[in-house]
Amino acid sequence: MFNSPSPPRPASSLPKAPPPGSVPQPKRDAVPLETVPDWNNIGLFTAGIALGAILGATVALLWAPASGDETRDRIGRRVRKLRSNDDIWDELAEELELAATESEEEAEEEEMNAALKT
């Protein structure tokens, strides 16, 4: 069906190894070659990071749901809440004591009402 005018390929498509001595080899006494950084690619990468940071900050400012003062105030309140987490346990203990006192008072009232009815 597909007739190819080119000659058939050999079974192995792997490249042949070059004959010995055709590839330059480092001398045994020589210091290995130093690698030189590619400053063009490093500069391009750094410029990309800087541009991304600038664009991200710009988009964040444009899409911000509140003004800067409001946002700083919200952040400050959250930080103060996080700092005062120890106070939360104190508040919880007070609420539990209050609830226990209220339930005791309700139980006493029910007993008095039951005693009065009989």
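Given the structure, is Trp89 open to solvent by 100 Å² or more (accessible area, probe 1.4 Å) and modelled with pLDDT of 80 or more? Answer is no for this residue. All of (1) open to solvent by less than 100 Å² (accessible area, probe 1.4 Å); (2) within 23 Å of the chain's Cα centre (by Cα); (3) at pLDDT 85 or above hold for Ile54 with one exception: (1). Among the criteria (1) surrounded by 10 or more Cβ atoms within 10 Å (Cβ to Cβ); (2) in a helix (DSSP H, G or I); (3) hydrophobic (A, V, I, L, M, F, W, C); (4) modelled with pLDDT under 80, the one Ala100 does not fulfil is (4).
The values are calculated or read from the model by the stated rules, or taken from the named source; none is laboratory data. Keep in mind the model is a prediction, meaning the values are calculated, not measured. Every residue, glycine as well, gets a Cβ built from its backbone with ideal geometry; the counts of neighbours run over all protein chains shown. Remember, those area values only see protein heavy atoms, side chains included, never the ligands or the DNA or RNA. Shrake-Rupley method; radii C 1.70, N 1.55, O 1.52, S 1.80 Å.
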